[in-house]
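Here's the structure we're looking at; comments come further down.
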Amino acid sequence: MNFELTEERQMLQDTLRRFLADKYDVPTRNAILDSDSGMSAEIWAQLAELGIQGALFDEELGGFGGAGFDIAVVFEELGRAGVVEPVSETCLLGGGLIAALGTEAQKGLLESVIDGSTKIALAHSEPRSRYDLSRVETQYEDGKITGHKSMAMGAPNADFVIISARESGDNDDQNGISLFLVPASDLDMRTTPVMGGGVAADIYLDGLSVDDTMRLGSKGVAFPHLETVYAKAITAICAQTLGGMETATKLTIDYLQTRKQFGKPIGTFQALQHRLSDMLIELEQVRSAVIGAAGYLDADTYLRDRYVSAAKNLVGRAARLIAEEAIQMHGGIAMTQEYELAHIAKRVVMADHMFGDTDHHLERFIALSSV
């Protein structure tokens, strides 16, 4: 099997890597993290000019990619540079649901998503839902939505938020979940920064009025489409974590080659060489897992979800090991905000808690394997 990138994807990777190396240095990122919005509107617009948002949509929607390996290429580079802008939230979650379920008028928003002028977020998680996509207690009745959405990533900066609400069935039923595209200005939000970068919001829905023009798709059919966009988002965060792990490993190699003790670079010490070897082995395993997840994104649901959960479980375990080893071999400098590893380590560890942690995906993989 040939794992080399196509010429178009290689060009996309090279262009994005050069741009981020030039524009997304540590002082820039720290300034973004310290800002109220937790993102840079300038960087967001420049990513759109490069075609990064467009690479996550297919040609029918105005993009030029949208396949699993397009997602993997983009997010590996974003992870390598520690980018905190809400690309996954807008393009894969919000944009993906509009692409799958939206009317022609709603799909018209995607043009402005691709050109960077519109951002979209998904508010699906709830305080008692944990990682269970089917658990929705928020209710839609008589044109009003009532409930509480928690940790809606990217919502504070979004122009539109997609709200999930139950129209029928029990709280855990897969059937009966609907989606509504709501202007963010209509929502009561409480913003919170996220460890490792980005912002999220708790959204309080006290009889929010919506009409049929805001509905995405038919009544109560949202669940399989949520599973699909979450599979893409999980693959993206696995690729993003791979990029972060690559940066952490490179920083560690550079440090071991320059830091001296007893008149020698500490990288010549056999004990540290063995630990670095373990990091490199884990890195290659994660790369294989990301390739597997990306390659099966368009497969049937059973195969797709098995590969996605296997990748997420492996990435979560390997990322923690690499972050811990990198910090320990660096020493105190690794924890300073002015050094890149501090940010990268936070992001690769926090990635385990996004869209299901290692335990959740191990249980999911076992359940899928027993079918």
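The values are calculated or read from the model by the stated rules, or taken from the named source; none is laboratory data. Here the structure is a predicted model, which means the values were calculated and not measured. With ideal geometry, Cβ positions are generated from the backbone for all residues, glycine too; neighbour counts draw on all protein chains shown. Accessible surface is based on the protein model in full, side chains and every heavy atom, while ligands, DNA and RNA are left aside. Shrake-Rupley method; radii C 1.70, N 1.55, O 1.52, S 1.80 Å.
General remarks:
- Of all accessible heavy-atom area on the chain, the percent that carbon and sulfur account for (1.4 Å): 51
- Per-residue SASA entry for Lys144, accessible area with 1.4 Å probe, Å² rounded to 10: 90
- The alpha-carbon atoms of segment 105-257 define a convex hull whose volume equals 128 cubic angstrom per residue.
- Once the Cα-Cα distance is subtracted from the 0.36 nm per residue extended length, the Ser288 to Thr103 segment shows a gain of 62.8 nm.
- Relative intensity, log₁₀ I(q)/I(0), of segment 138-191 from a Debye sum that treats every alpha carbon as a point, q = 0.22 Å⁻¹: -0.87
- Value of relative contact order over the chain, rounded to a whole percent, pairs C-alpha under 8 Å and six or more apart: 16
- Theoretical gain in end-to-end length, Ser209 to Leu5 [0.36 nm per residue, Cα-Cα removed]: 68.7 nm
- Sequence ranges 33-40, 340-347, 55-62, ranked by mean other-Cβ count within 10 angstrom, highest first: 340-347, 55-62, 33-40
- Average accessible area per residue (Å²) across the chain - probe 1.4 Å, nucleic acids and ligands excluded: 45
- Only helical runs count toward this figure. For the chain, summing -39,500 (n - 2.57) over DSSP H runs of n ≥ 4 and dividing by all residues gives -16000 deg cm²/dmol at 222 nm.
- With N the number of residues in segment 198-324, Rg(Cα) / (2.2 N^0.38 Å) evaluates to 1.54.
- Using a probe of 1.4 Å on the protein chains alone, the accessible area found for Met151 is around 90 Å².
- Taking each of Lys119/Lys149; Lys23/Lys264; Lys144/Lys232; Lys107/Lys346; Lys144/Lys219 in turn, the alpha-carbon distance tops 24 angstrom for Lys23/Lys264; Lys144/Lys232; Lys107/Lys346.
- A Stokes-Einstein calculation at 25 °C with viscosity 0.890 mPa s, built on the Kirkwood radius of the chain over Cα pairs, returns a diffusion coefficient of 116 µm²/s.
- Its Kirkwood hydrodynamic radius, worked out from the mean inverse distance over all distinct Cα pairs, puts segment 6-142 at 16.2 Å.
- Translational D in µm²/s for segment 255-371 (Stokes-Einstein at 4 °C, 1.567 mPa s, Kirkwood Rh from C-alpha pairs): 81
- Considering only Leu341, Ser277, His148, the residue lying farthest towards the positive end of the dipole of the chain is Ser277, judged by Cα position with unit charges set on Cβ.
- Accessible-area rank, largest first, for Arg29, Arg17: Arg17, Arg29, with all protein chains present and a 1.4 angstrom probe.
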